[in-house]
Amino acid sequence: RALGQTGDILLAISTSGNSANVIEAIHSAHERQMTVIAFTGKDGGKIGELLTSEDILLNVPAFRTARIQEVHILLGHIICELVEENMFF
């Protein structure tokens with residue numbers, strides 16, 4: 001709540017899609033008109049249901065936590081690469 005501002009993006013990560021603290025962060029982000037990019041696993045859980053049409057859900061449809069986390073790491077690297085390309089090239 002202290003850092004998020006209107007127009008910012010929240011990156012929310014939960015392998016289960018049901019992490020209470022991440023769900024609370026999403027509610028706070030929506031109150032501030034922030035966009036949410038959510039990394040989830042399994043079926044997306046409660047987080048998948050909370051997102052609006054303005055948000056992005058990147059769900060890894062696996063049930064093994066290690067596999068979900070591996071894909072989340074890859075997605076994070078891809079996003080960083082895209083940001084860097086748009087900022088510096």
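The values are calculated or read from the model by the stated rules, or taken from the named source; none is laboratory data. These figures come from a predicted structure and were not determined experimentally. The area values use the complete protein model at the heavy-atom level, side chains included, leaving out ligands, DNA and RNA. Shrake-Rupley method; radii C 1.70, N 1.55, O 1.52, S 1.80 Å.
Observations
- Carbon-plus-sulfur accessible fraction, the chain (probe radius 1.4 Å, protein heavy atoms only): 57%.
- With distances taken between every two different alpha-carbon atoms, the range 1-65 has a Kirkwood hydrodynamic radius of 11.6 Å.
- Extension gain, N21 back to F63 (0.36 nm per residue minus Cα-Cα distance, nm): 13.1 nm
- Here, P(r) means the percent of Cα pairs in each 10 Å bin from 0 to the largest distance; for the range 29-89 it is 21, 41, 32, 6.
- Taking 0.36 nm per residue of sequence separation and removing the Cα-Cα distance, the I78/R32 pair yields an extension gain of 13.9 nm.
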